[in-house]
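**Q** First the structure, which I've put down as C-alpha cells, then a few questions once you've had a look.
Laboratory data are not the source of any read-out in this text; all were calculated from the coordinates shown. A quick note: this is a predicted structure, and the numbers were derived from the prediction, not measured. Methodologically, a virtual Cβ is constructed for each residue, glycine included, from the backbone with ideal geometry; neighbour enumeration extends over all protein chains shown.
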Amino acid sequence: MCGIVGYVGDKKAASILYDGLKRLEYRGYDSSGIAVNDGFNIDVVKKKGKLEQLKGKIEDNVNGGTTGIGHTRWATHGQPSDLNSHPHSDCSQNFVIAHNGIIENFQDIKKYLLDKGHTFKSETDTEVIAHLLEENYENDVLSALKKTIENLEGSYALTILNNKEPNRIYVARKDSPLIIGIGENENFIASDIPAFLSETKDFYILEDGEFAVIDQDNINMYDFDLNPKEKEIYHVDWDPEMAEKQGYEHYMLKEIHEQPDAVRRLMANRVMPEGIDLEELNLEEEFLKNLNKIHIIACGTAYHSGLIAKYMLEDLLNISVEVDVASEYRYRNVPIKEDELVIAVSQSGETSDTLASLRKAKQKGAKVIAFTNSRGSSIAREADEMLLLKAGPEISVASTKAYLNMVVAFYMFSLFLAKKQEKIEEKEYLEMSGDLIKLPDLLDQVIEESEKLMEDKAKQYAKSENAFFIGRHTDYTLALEGALKLKEISYIHAEAYPAGELKHGTLALIEEGVPVIALGTKESVFEKTLSNVTEVKARGADVTAIVYNGAEDIEEVVDHVIYIPEVNELFTGALTIVPLQLLAYYTALIRDCDIDQPRNLAKSVTVE
Ligand code: AGP
C-alpha cells in the first residue's frame with residue numbers, strides 16, 4: 001500500500017529510485033512518480049498506471065541530480081491520475097514531498113490554506129502538507145516541519161526535498177513505516193527493506209514521532225520536539241536473491257515452493273526431538289501455568305491462521321480461545337483480564353487494524369505477543385514479546401509461506417503451552433514434536449504430488465464463476481483460506497462453509513459442474529464430511545477432495561482425490577493448504593490475472 005523511496009549520494013538518483021520502486025511494486029499501487037534535485041531544479045515526473053509508463057517519462061524529463069524521492073500511490077483521496085500521483089509541491093516549488101498514509105483533517109487545513117491564497121493542483125490529502133510547509137517556513141526546514149506536523153492528524157511517512165538544500169532529504173514518521181538504508185557515501189530511504197536490499201543490509205528503523213535529516217554521509221535523527229536521537233543499526237540477514245524471482249514466473253509460485261525451507265527456518269533451534277523451546281517469549285512460568293484464555297487478533301489470511309490455532313489450543317489444552325478480525329476487535333468492547341494473553345498475528349507487522357487492536361489490548365493491561373515476519377515492524381516493537389516467523393521476504397500480495405509459518409508457529413506454541421500446563425503426556429508430547437520435525441519433508445512431498453493435478457483442475461475451474469470450499473473442524477478454517485486465495489488472485493467468487501452448514505441454505509447454489517473442494521483430513525469427522533460430499537455430488541457438483549491417507553472410500557463418490565501424507569491429525573492443516581494455494585495460482589494463471597499484484601489489493605494495509 002503506497003511505497004516510498006529516497007536517495008542521497010554520488011550516483012544519478014533517477015535510476016536508483018526507479019529500481020527501488022520496482023522492488024516495492026508488490027505493495028500494490030495505481031500510479032507512480034519521482035522527483036530529482038540537481039541543485040538548480042527539482043524535476044518531477046508522475047504517471048498513472050504501471051511503473052513502465054513512468055520509465056519513458058523519466059529518461060526525457062529528469063535531470064542527472066544525485067538526490068531524489070520516489071513514490072508508488074494506492075489511491076485513497078482522489079482517483080488514480082497523473083495529477084494526483086506523488087510527489088506534490090507547494091506554490092513556490094520550494095518543497096516537493098511524497099507521503100504514505102492519510103491526513104484525516106486535510107479538508108480543514110486546505111480551507112485554511114486556500115484562505116491564505118495557496119492554489120492546489122491535485123485532489124489529494126497529501127498536497128496540504130507541501131503548502132503548510134511553505135506557510136510555516138522561515139529559513140529553517142526542520143522548524144517548519146515540526147510546526148507542520150503539529151497540525152496534522154492521521155498517519156504519515158513523509159519524504160521532503162527542498163530547493164535550497166540540494167543534497168538533503170527530510171523525513172518524518174507517524175503510523176506508517178519508514179526505514180533508512182545506510183551506505184557508503186550514499187543513503188537510502190524506503191517504506192520497506194526489500195527496496196534497497198541489494199545496496200545495503202544496514203538500516204535504521206524510524207519510529208513513530210521521529211524526524212531524520214539525511215545527507216550523503218550523515219544521518220541525523222530527532223524526536224518530534226527536535227531532541228537528537230541515537231538509534232541502533234538494524235542488520236538484516238536476508239540475501240538480496242531472497243527478494244528476487246529466481247526463475248519462477250511469479251513470486252507467488254516461488255513462495256509456495258519455498259514453504260518447506262521456510263518451516264525449517266521457523267523451527268530451527270525451537271523444535272527438537274526432545275520437545276519445544278520457546279523460552280525466547282520470556283513468559284513467566286506462573287503466567288503460563290495459569291493461562292486459561294487467549295485472544296488472537298489479525299486480518300485476512302493471518303486471521304485464518306488464528307482460527308486453526310483456536311481448534312488446536314482448545315483440543316490440546318481445553319482453554320478458551322477467541323479469534324477476532326482486528327478491524328472489528330478495535331471497535332468492540334472486549335473484556336480482557338490481566339492474566340489473559342493476546343496474540344497479534346501479522347506478516348508485515350504494519351497492518352493498521354491489527355496495530356490498533358494491539359494498542360487497545362495493551363491499554364487494557366493485557367500481555368501481548370506478536371507473531372510476525374517483520375522484526376523491525378510497528379507490531380513487533382509495540383508488543384511485549386515477539387515470535388519471529390522467519391518466512392523470509394514475502395513479495396506476492398497473496399500470502400502463502402507467511403501463512404504456513406503462522407500456522408506452524410501456533411502448533412509450536414500450543415505444544416509448548418500444553419507441556420507447561422502439564423496437559424499432555426510425555427509420550428504424546430515427544431511424538432507430536434517428532435511429527436512437527438517431519439513437516440518440511442512432507443511439504444516437499446505434497447508439493448510434488450499435488451502440483452500437476454491442481455494445474456489440470458485449474459484448466460477446468462478457470463471457466464467457472466463460482467466455487468465452494470467445505471470442511472469440518474480445522475478443515476473448515478483451511479476452506480476459508482483456500483477460498484480467499486482463489487478469489488484474491490483469480491477473481492472467481494469463492495465461498496467457504498463448514499460442511500454441515502450447506503443444507504441450511506447454500507446447497508441451493510449447487511448445480512451441474514459447480515466446483516466444490518471438499519476437505520476431509522480429519523479422520524474423526526470424516527464420515528460426516530463424506531455424507532455432505534455425497535449431497536453436493538448428487539446435485540451435480542464437480543468435487544475435488546483432499547483427504548487423509550486411508551480415506552479411500554471417497555474415491556467412489558468424487559471426481560478427483562489428493563491424499564495428505566500421514567501426520568498427527570492436529571497438524572494436517574499445514575499440508576492441506578498447499579494444494580489449495582496451487583489451485584488458486586494455476587487458476588489465476590489460466591485466467592491471465594496479475595497474480596502477484598491482484599487488482600485493488602495491497603501487500604501491507606497501513607490504512608483503515
Ligand atoms: C493474504 O493473501 C492477504 N493479502 C491479506 O488477507 C493479508 O493476510 C492481510 O492483509 C493481513 O496482512 P498482515 O499479515 O501483513 O497483517
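**Q** Would you kindly state how much longer the chain becomes between LYS452 and ASN568 on full extension, computed as 0.36 nm times their sequence separation minus their alpha carbon distance, in nm to one decimal? Don't skip to the end; give the middle numbers.
**A** Numbers: separation 116, 0.36 × 116 = 41.76 nm, distance 2.57 nm.
Using 0.36 nm per residue and subtracting the Cα-Cα distance, I get 39.2 nm.
**Q** Hey, another quick one. Label the stretch 245-424 by shape, choosing from rounded, prolate and oblate, from the square roots a ≥ b ≥ c of the eigenvalues of the Cα gyration tensor; if a/c is under 1.5 it is rounded, and otherwise prolate applies when a/b is larger than b/c, oblate when it is not. Write out the running numbers ahead of the final one.
**A** On the way: a/c = 1.92, a/b = 1.27, b/c = 1.51.
Oblate is the answer for the stretch 245-424, as a/c is 1.5 or above yet b/c matches or exceeds a/b.
**Q** Which is farthest toward the positive dipole end of the chain among GLY3, ASN94, ILE546, measuring Cα position about the Cα centre, with Cβ charges +1 (Lys, Arg) and -1 (Asp, Glu)?
**A** ASN94
**Q** Tell me whether the stretch 3-96 comes out rounded, prolate or oblate; compute the Cα gyration tensor, take square roots of the eigenvalues as a ≥ b ≥ c, and use a/c under 1.5 as the rounded threshold.
**A** Values: a/c = 1.78, a/b = 1.27, b/c = 1.40.
Oblate shape, in that a/c is at least 1.5 and b/c is the bigger or equal ratio.
**Q** Within 10 Å of each candidate Cβ there may be at most 14 other Cβ atoms; applying that plus a DSSP loop requirement, which trypsin sites (Lys or Arg not before Pro) in the stretch 560-608 survive? If you can, show how the numbers build up before the last one.
**A** Working: sites: ARG591, ARG599, LYS603; in loops: ARG591, ARG599, LYS603.
The qualifying sites are ARG599.
**Q** Hey, quick one: spin label on GLU184, modelled 7 Å out along Cα-Cβ, who in the stretch 213-234 has an amide N within reach, i.e. under 20 Å?
**A** Hits in the stretch 213-234 for GLU184 at 20 Å: 215-219, 233-234.
**Q** Follow-up. Relative to the longest principal axis of the chain, what angle (0 to 90°, nearest 10) does the C-alpha long axis of helix 13-23 take?
**A** Long axis of 13-23 versus the principal axis of the chain: about 20 degrees.
**Q** Separate question: Of all trypsin sites (Lys or Arg not before Pro) in the stretch 76-153, which ones are in loop regions per DSSP and have a Cβ with at most 15 other Cβ atoms within 10 Å?
**A** On the way: sites: LYS110, LYS111, LYS116, LYS121, LYS146, LYS147; in loops: LYS116, LYS121.
Loop-located and lightly packed - LYS116, LYS121.
**Q** For the chain, what does the helix formula give at 222 nm: sum of -39500 (n - 2.57) over DSSP H segments with n ≥ 4, over the residue count, nearest 500 deg cm²/dmol? Don't jump to the answer; show the numbers that get you there.
**A** On the way: 17 runs with 217 residues, N = 608.
Using -39500 (n - 2.57) per qualifying helix, the result is -11500 deg cm²/dmol.
**Q** Add +1 for every Lys or Arg and -1 for every Asp or Glu among the other residues with Cβ under 12 Å from the Cβ of ALA195, and state the total. Don't jump to the answer; show the numbers that get you there.
**A** Details: positive: LYS22, ARG23, ARG27; negative: ASP19, GLU25, ASP192, GLU199.
Net charge in that neighbourhood comes out at -1.
**Q** Under 5 Å between amide H atoms, partner at least 5 residues away or on a different chain: which partners does LEU178 have, H built in plane at 1.01 Å?
**A** LEU206
**Q** Roughly how big is the chain's charge dipole about its Cα centre, with Cβ charges of +1 (Lys, Arg) and -1 (Asp, Glu), in debye to the nearest 20? Please report the intermediate quantities before stating the final value.
**A** Details: 65 positive and 104 negative charges, 274 e Å.
My answer is approximately 1320 debye.
**Q** Something else now. If N is the number of residues in the chain, what value comes out of its Cα radius of gyration divided by 2.2 N^0.38 Å?
**A** Numbers: Rg = 25.5 Å, N = 608, 2.2 N^0.38 = 25.1 Å.
Taking N as the residue count of the chain, the ratio is 1.01.
**Q** Once amide H atoms are placed 1.01 Å from N in the peptide plane, what residues at a sequence separation of 5 or more from ILE564, or on another chain, have their amide H within under 5 Å of its amide H?
**A** VAL547, TYR548, ASN549
**Q** Could you tell me which of ASN600, ILE470, HIS235 has its Cα farthest along the dipole of the chain towards the positive end, charges placed at Cβ (Lys, Arg +1; Asp, Glu -1), taken about the Cα centre?
**A** The residue sitting farthest along the positive end of the dipole is ASN600.
**Q** Please determine, in degrees from 0 to 90 and to the nearest 10, the orientation of helix 352-363 with respect to the longest principal axis defined by the Cα atoms of the chain, where the helix direction is its Cα long axis.
**A** Helix 352-363 sits at roughly 80 degrees to that axis.
**Q** Oh, and also: Taking the Cβ of HIS493 as the center, what net charge do the other residues with Cβ under 12 Å away carry, scoring Lys and Arg +1 and Asp and Glu -1?
**A** Cβ neighbours under 12 Å give a net charge of -2.
**Q** Suppose R0 equals 51 Å. What FRET efficiency, 1/(1 + (r/R0)^6) with r the Cβ-Cβ distance, do GLU523 and GLN79 give to the nearest 0.05?
**A** Working: r = 53 Å, r/R0 = 1.04.
It comes out at approximately 0.45.
**Q** How big is the gap, in Å, between the Cα center of the stretch 530-547 and the Cα center of the stretch 364-401?
**A** Comparing the Cα centres of the stretch 530-547 and the stretch 364-401, I get a distance of 38 Å.
**Q** Something else: Can you compute the modelled spin-label distance between ASP108 and ASN600, with each label point 7 Å from Cα toward Cβ, in nm?
**A** About 3.2 nm separates the two model spin labels.
**Q** Where the centroid of each part is defined by its Cα atoms, how far is the stretch 207-260 from the stretch 454-515 in Å?
**A** 38
**Q** Net charge within 10 Å of GLY349 by Cβ-Cβ distance, Lys/Arg positive one each and Asp/Glu negative one each, not counting GLY349 itself? Present the calculation step by step, with values, prior to reporting the outcome.
**A** Numbers: positive: ARG375, ARG381; negative: GLU350, GLU382.
So the environment of GLY349 carries a net charge of 0.
**Q** At most 12 other C-beta atoms within 10 Å and a DSSP loop state: those are the exposed chymotrypsin sites (Phe, Trp or Tyr not before Pro) I care about. Give me the longest piece of the chain that has none. Show your work: numbers first, answer last.
**A** Numbers: sites that count: PHE40, TYR331.
In the chain, the maximal stretch lacking such sites is 41-330.
**Q** GluC sites (Glu not before Pro), restricted to the stretch 459-518: which are DSSP loop and have at most 15 other Cβ atoms within 10 Å? Can you show the working numbers first?
**A** Values: sites: GLU465, GLU481, GLU488, GLU495, GLU501, GLU511, GLU512; in loops: GLU465, GLU511, GLU512.
Answer in residue order: GLU465, GLU511, GLU512.
**Q** Among rounded, prolate and oblate, which fits the stretch 288-352 when a ≥ b ≥ c are the square roots of the eigenvalues of its C-alpha gyration tensor, a/c under 1.5 means rounded, and a/b larger than b/c means prolate? Spell out each step's value before the answer.
**A** Details: a/c = 1.99, a/b = 1.37, b/c = 1.45.
Since a/c reaches 1.5 but b/c is at least a/b, the shape of the stretch 288-352 is classed as oblate.
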